[in-house]
Amino acid sequence: MLSPNVVTGRAARDAEPFRGWFIGHFIPPELGPRSTEAVEVKWGVHALGETRSTWAANDAATSLSVLVSGCIRLFFATGDEALLALPGDYVLWPPGLAHRWQIEQEDTIVLTVRWPSRAPDTADGQR
């Protein structure tokens with residue numbers, strides 16, 4: 001942290017204690033501005049073949065996932081699918097829409113943003 005108002009860090013390192021999340025309401029207040037109810041941000045590092053086989057939904061949060069590298073396929077309870085295969089590909093979905101995912105072709109990094117950040121807001125109880 002540079003000052004109480006300006007924070008620098010490394011997403012992968014800072015996210016380790018929080019299952020990939022490095023900004024949100026679940027970050028301890030002593031870590032400064034990273035602790036917020038406005039937004040939550042995840043640096044998701046996933047191995048080839050990794051899956052989230054159970055459905056999960058957020059009651060109040062809109063979600064945006066942006067592919068940094070690799071390839072991920074997201075499945076939605078509506079029957080829709082989104083394949084993120086090129087850096088910068090993204091998918092946006094509203095609160096209440098359940099999703100799951102699988103990693104395809106290679107190890108993958110996904111930046112996920114959700115807003116707002118509220119406790120509890122995950123249907124599967126995980127963050």
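The figures follow:
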item: Matching residues, region 12-43, being small (Gly, Ala, Ser) and in contact with a Phe, Trp or Tyr (Cβ under 9 Å, 6 or more places away or on another chain); result: 12, 15, 20, 24, 35, 38
item: Residue tally, condition of a type in the set (Gly, Ala, Ser) and crowded, with 19+ Cβ neighbours inside 10 Å, over region 48-65; result: 4
item: Residue, nearest to residue 96 (Cα to Cα), within region 48-71, restricted to residues that are over 13 Å from the mean Cα position of the chain (by Cα) and touching a residue at least 60 places away in the same chain (Cβ under 8 Å); result: 59
item: Number of positions in region 93-112 that are of a type in the set (D, E, K, R), closer than 21 Å to residue 40 by Cβ and part of a loop (DSSP other than H, G, I, E, B); result: 0
item: Residue 30, sole failed condition from (1) under 27 Å from residue 3 (Cα atoms); (2) surrounded by 15 or more Cβ atoms within 10 Å (Cβ to Cβ); (3) not β-branched (Val, Ile, Thr); result: (2)
item: Search result, residues across region 88-111 that are crowded, with 17+ Cβ neighbours inside 10 Å and touching a residue at least 60 places away in the same chain (Cβ under 8 Å); result: 108, 109, 110
item: Qualifying positions in region 25-47 - among the charged types (D, E, K, R), in contact with a Ser or Thr (Cβ under 8 Å, 6 or more places away or on another chain) and not in a strand (DSSP E or B); result: 37
item: Hits in region 66-87 (condition: open to solvent by 50 Å² or more (accessible area, probe 1.4 Å) and among the hydroxyl-bearing types (Ser, Thr, Tyr)); result: 78
item: One residue from 45, 41 being at pLDDT 95 or above, over 15 Å from residue 103 (Cβ atoms), out of contact with any Lys or Arg (no Cβ under 7 Å at 6 or more places or on another chain) and crowded, with 16+ Cβ neighbours inside 10 Å; result: 41
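Residues are listed down the side, and each one gets a yes or a no for (1) charged (D, E, K, R); (2) assigned to a strand (DSSP E or B):
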| position | (1), (2) |
| --- | --- |
| 49 | no, no |
| 52 | yes, yes |
| 63 | no, yes |
| 66 | no, yes |
| 73 | yes, yes |
| 82 | no, yes |
| 91 | no, yes |
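The values are calculated or read from the model by the stated rules, or taken from the named source; none is laboratory data. Quantities reported herein were computed from a predicted structural model and do not represent experimental measurements. Reconstructed Cβ throughout: ideal geometry from the backbone, glycine too, with neighbour counts over all protein chains shown. Note: areas computed on protein heavy atoms with side chains; ligands, DNA, RNA excluded. Shrake-Rupley method; radii C 1.70, N 1.55, O 1.52, S 1.80 Å.
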